[in-house]
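**Q** Starting off with a structure, shown below.
The values are calculated or read from the model by the stated rules, or taken from the named source; none is laboratory data. None of the values given here were measured: they were computed from a predicted structure. Cβ placement follows ideal geometry from the backbone for every residue including glycine, while neighbour counts extend to all protein chains displayed.
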Amino acid sequence: MTVRDAINQGMDEELERDEKVFLLGEEVAQYDGAYKVSRGLWKKYGDKRIIDTPISEMGFAGIAVGAAMAGLRPICEFMTFNFSMQAIDQVINSAAKTYYMSAGLQSVPIVFRGPNGASAGVAAQHSQCFAAWYGHCPGLKVVSPWNAEDAKGLIKSAIRDNNPVVMLENELMYGVAFEFPPEAQSKDFLIPIGKAKIERQGTHITVVAHSRPVGHCLEAATVLSKEGIECEVINLRTIRPMDVETIEASVMKTNHLVTVEGGWPQFGVGAEICARIMEGPAFNFLDAPAVRVTGADVPMPYAKILEDNSVPQVKDIIFAIKKTLNI
Amino acid sequence: MRKMLAAAVSRVLPRVAPKPASRMLGAAGTFADKATFDIKPCELYRLEEGPPATAVLTREEGLKYYKTMQMVRRMELKADQLYKQKFIRGFCHLCDGQEACCVGLEAGINPTDHVITSYRAHGLCYTRGVSVRSILTELTGRRGGCAKGKGGSMHMYGKYFYGGNGIVGSQTPIGAGIALACKYKGSSEISLTLYGDGAANQGQVAEAFNMASLWKLPCVFICENNLYGMGTATDRAAASTEYYKRGHFIPGLKVDGMDVLCVREATKFAADHCRSGKGPIVMELHTYRYHGHSMSDPGVSYRTREEIQAVRSKSDPIMLLKDRMLAGKLASADELKDIDADVKKEIEEAAQFAITDPEPALEEIAHHIYKDNPPFEVRGANPWIKFKSVS
């Protein structure tokens with residue numbers, strides 16, 4: 001099952017289950033989705049529930065928020081999260097904060113989803129990672145699936161959640177196929193928002209990542225295993241609320257921590273993890289400073305050699321792990 | 001430019017005499033049951049016909065509109081006072097002068113229709129059914145406020161009332177989305193989406209117009225044109241100040257926003273238009289605010305006191321209604337004075353409550369982050385301060 005098909009299946013099941021769920025965004029209907037994630041849905045559900053919008057992010061995000069306030073359960077797709085910047089006021093000020101500002105009177109059960117972060121060769125304006133930006137805001141839930149199982153379980157949980165949820169997908173992962181465990185095939189398969197998953201058990205070092213870099217970490221772990229280094233790889237799955245407990249428990253076991261993300265280093269997801277580890281019980285278990293592996297601190301360049309060196313590669317992760325372990 | 005503005009202001013001043021076109025004496029012979037009044041015809045855009053040029057006002061309606069407008073007026077003036085006494089903090093945008101808008105709109109729709117507006121929301125919040133007490137108590141930031149003190153002036157909500165929105169223009173696509181929900185559910189409910197003359201220049205308004213029109217959403221877009229966007233007169237901000245035409249492909253109405261009957265009839269017309277599936281419509285309410293943009297704006301650096309006084313003396317919406325009711329023998333001056341006294345008393349009591357009610361408990365600071373969530377911990381100003389968050 002590819003990640004694309006997993007998201008498709010998740011949305012299909014939720015559209016079928018609840019009349020109030022609908023999808024809107026650019027090209028989601030008749031084009032089958034800019035990245036074909038919503039393929040077949042318009043044919044099945046029609047104009048009322050799968051809505052093509054004009055290129056008006058701020059407008060249609062606002063419309064989606066209004067629909068959610070009035071009792072529907074919209075899925076608002078941004079063709080990429082880069083374009084969500086046009087609409088970010090609606091996501092933060094109209095969706096995220098409203099339940100709080102109204103002291104519980106007005107809820108906004110909405111999902112904002114789409115590809116996030118670097119793709120391949122799309123250059124600076126189309127490659128930004130928004131995990132840190134959205135993860136910053138109370139009132140929002142932010143999830144970041146890695147594999148097909150994550151994608152299906154998280155989109156379903158996001159749609160059923162009565163709060164605004166941002167789902168940060170990854171375009172390069174859409175076409176990647178994964179084993180799909182039998183429980184994931186159920187129509188009620190949900191992955192809880194706010195819980196990380198230990199993808200690989202290990203004893204020497206904790207490696208935490210979200211989205212595509214989780215795969216790179218597992219690759220690094222395989223290479224290092226041959227050298228006798230056993231990495232515990234944690235797939236964050238949710239950016240906010242972040243499952244710090246799982247990370248802390250792991251660090252208390254392994255005594256070493258490396259975080260990996262695609263986004264820029266300053267004020268990023270890794271920075272938050274390191275700060276929380278410092279402030280919590282796991283600090284005293286660290287045998288070395290925690291270290292972050294991130295995207296390079298540059299706007300994404302176009303030329304392949306430059307782009308390749310602007311994103312964390314397996315070799316960069318291995319290097320950071322070995323440095324932390326003083327090997 | 002001054003001339004254009006003077007022309008705009010003079011349009012706010014009435015040309016219609018308060019005398020009724022006809023009236024019917026009630027059985028008791030003291031007051032009429034109802035009276036018919038001429039109202040200013042609306043200017044039309046892309047419409048073959050518009051709202052009627054006369055309106056029937058029953059005695060009961062008249063008394064209700066009068067009392068409601070006085071409640072809004074006094075509530076806003078009380079808010080002014082409380083702000084100056086430092087019981088209210090931050091932003092406070094008052095709508096005194098614009099009472100005919102919120103009262104007229106409410107009279108033209110059903111309680112189950114939906115309304116959303118900007119931050120100048122106290123009046124609409126009241127007409128939509130939130131009590132004065134809970135509005136004033138929200139302004140003073142106490143636990144008895146309609147948002148338990150957590151929202152403040154710009155973030156008040158009620159059933160079928162979606163605020164109170166702080167970001168200029170953001171409510172416009174939201175209102176279109178509410179209309180989408182009405183259409184989606186197959187109900188005959190509509191969405192009234194208000195925005196100001198300043199907000200009319202926001203890009204997202206044009207985006208909302210486009211989608212509402214494309215998808216024939218039952219949305220009445222209402223531009224409350226009070227002639228100034230903060231300190232900027234309309235002709236300094238808009239290449240076209242004909243806000244009722246700014247929907248371009250959407251039909252529009254220009255309405256005398258100082259006349260509650262005009263607003264009511266236009267609203268009924270617009271609501272009908274939407275309910276019959278014709279798609280959105282734009283209504284421009286020509287109105288005026290006595291206060292500055294907010295309590296931090298004296299409101300006289302960009303307009304003259306003479307102008308404000310002229311509007312007050314010639315087109316005050318409450319005065320206009322009162323004159324009509326007296327001319328139409330729908331009520332006596334004493335009766336209206338009694339209502340004034342009742343209103344004053346009610347506002348005073350509400351204000352007393354608003355300044356004596358305690359502030360929200362600190363333990364509640366982190367509540368309502370998420371809905372339907374199990375309780376979780378929220379960080380305070382340092383890692384040792386932890387709050388509990390409950391839905």
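**Q** What number goes with the only condition from (1) under 16 Å from A:Y99 (Cα atoms); (2) over 15 Å from the mean Cα position of the chain (by Cα) that B:N165 does not pass?
**A** (2)
**Q** Name the residue, out of B:T193, B:T172, that is within 12 Å of chain A (Cβ to nearest Cβ), surrounded by 24 or more Cβ atoms within 10 Å (Cβ to Cβ) and part of a strand (DSSP E or B).
**A** B:T193
**Q** Determine whether the range B:249-256 contains at least one residue that is out of contact with any Leu (no Cβ under 8 Å at 6 or more places or on another chain) and farther than 22 Å from B:T54 by Cβ.
**A** Checked against the condition, which is being out of contact with any Leu (no Cβ under 8 Å at 6 or more places or on another chain) and farther than 22 Å from B:T54 by Cβ, the range B:249-256 yields at least one hit.
Yes/no matrix, rows are residues, columns are (1) of a type in the set (K, R); (2) at pLDDT 95 or above; (3) assigned to a helix (DSSP H, G or I):
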{"position": "B:K322", "(1), (2), (3)": "yes, yes, yes"}
{"position": "B:A331", "(1), (2), (3)": "no, yes, no"}
{"position": "B:L336", "(1), (2), (3)": "no, yes, yes"}
{"position": "B:K345", "(1), (2), (3)": "yes, yes, yes"}
{"position": "B:I355", "(1), (2), (3)": "no, yes, yes"}
{"position": "B:N373", "(1), (2), (3)": "no, yes, no"}
{"position": "B:F387", "(1), (2), (3)": "no, yes, no"}
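**Q** Right, another one. Exactly one of (1) surrounded by fewer than 18 Cβ atoms within 10 Å (Cβ to Cβ); (2) without any contact (Cβ under 8 Å) to a residue 40 or more places away in the chain is unmet by A:P301. Its number?
**A** The failed condition is (2).
**Q** Same structure again: Mind telling me which of the residues B:N382, B:N373 ends up being within 14 Å of chain A (Cβ to nearest Cβ), free of Cβ contacts under 8 Å to residues at least 40 places away in the same chain and surrounded by 14 or more Cβ atoms within 10 Å (Cβ to Cβ)?
**A** B:N373
**Q** If you take the residues of the range A:81-105 that are surrounded by fewer than 24 Cβ atoms within 10 Å (Cβ to Cβ) and in a loop (DSSP other than H, G, I, E, B), which of them is farthest from the other protein chains (Cβ to nearest Cβ)?
**A** Top of the filtered list is A:K97.
**Q** If you don't mind, another one. Quick one: would you say B:K268 is closer than 21 Å to A:L72 by Cα and of a type in the set (D, E, K, R)?
**A** When the stated conditions are applied, B:K268 does not pass them.
**Q** If a residue must be at the interface with chain B (Cβ under 7 Å from one of its Cβ atoms) and either of a type outside the set (A, V, I, L, M) or assigned to a loop (DSSP other than H, G, I, E, B) (or both), how many such residues does the range A:54-80 contain?
**A** 9
**Q** Only strands (runs of 3 or more DSSP E) wholly contained in the range B:35-127 count here; list those with 2 or more residues that are modelled with pLDDT of 95 or more, closer than 30 Å to B:C182 by Cβ and β-branched (V, I, T).
**A** Counting at least 2 such residues, we get B:54-58, B:114-116.
**Q** Under the condition of being within 12 Å of chain A (Cβ to nearest Cβ), of a type in the set (A, V, I, L, M, F, W, C) and within 22 Å of B:P218 (Cβ to Cβ), which residue from the range B:102-159 is surrounded by the most Cβ atoms within 10 Å (Cβ to Cβ)?
**A** By that ranking, first place goes to B:I116.
**Q** For the list (1) under 27 Å from A:R73 (Cβ atoms); (2) among the aliphatic types (A, V, I, L, M); (3) in a strand (DSSP E or B), I need the number of the one condition that A:I198 fails.
**A** The failed condition is (1).
**Q** Taking B:A361 as the residue in question, decide whether it is within 14 Å of another protein chain (Cβ to nearest Cβ) and surrounded by fewer than 22 Cβ atoms within 10 Å (Cβ to Cβ).
**A** Criteria met by B:A361.
**Q** A further question on this structure: Cβ-Cβ under 8 Å, sequence separation 6+ or interchain: first residue in the range A:240-256 and touching a residue at least 60 places away in the same chain (Cβ under 8 Å), partner of a type in the set (F, W, Y) and not in a helix (DSSP H, G or I). Which pairs?
**A** From residues that are touching a residue at least 60 places away in the same chain (Cβ under 8 Å), the pairs are A:P241/B:F376.
**Q** Anything in the range A:16-34 that is surrounded by 21 or more Cβ atoms within 10 Å (Cβ to Cβ) and under 24 Å from A:V176 (Cα atoms)? List them, or say none.
**A** A:L23, A:G25, A:V28, A:A29, A:G33
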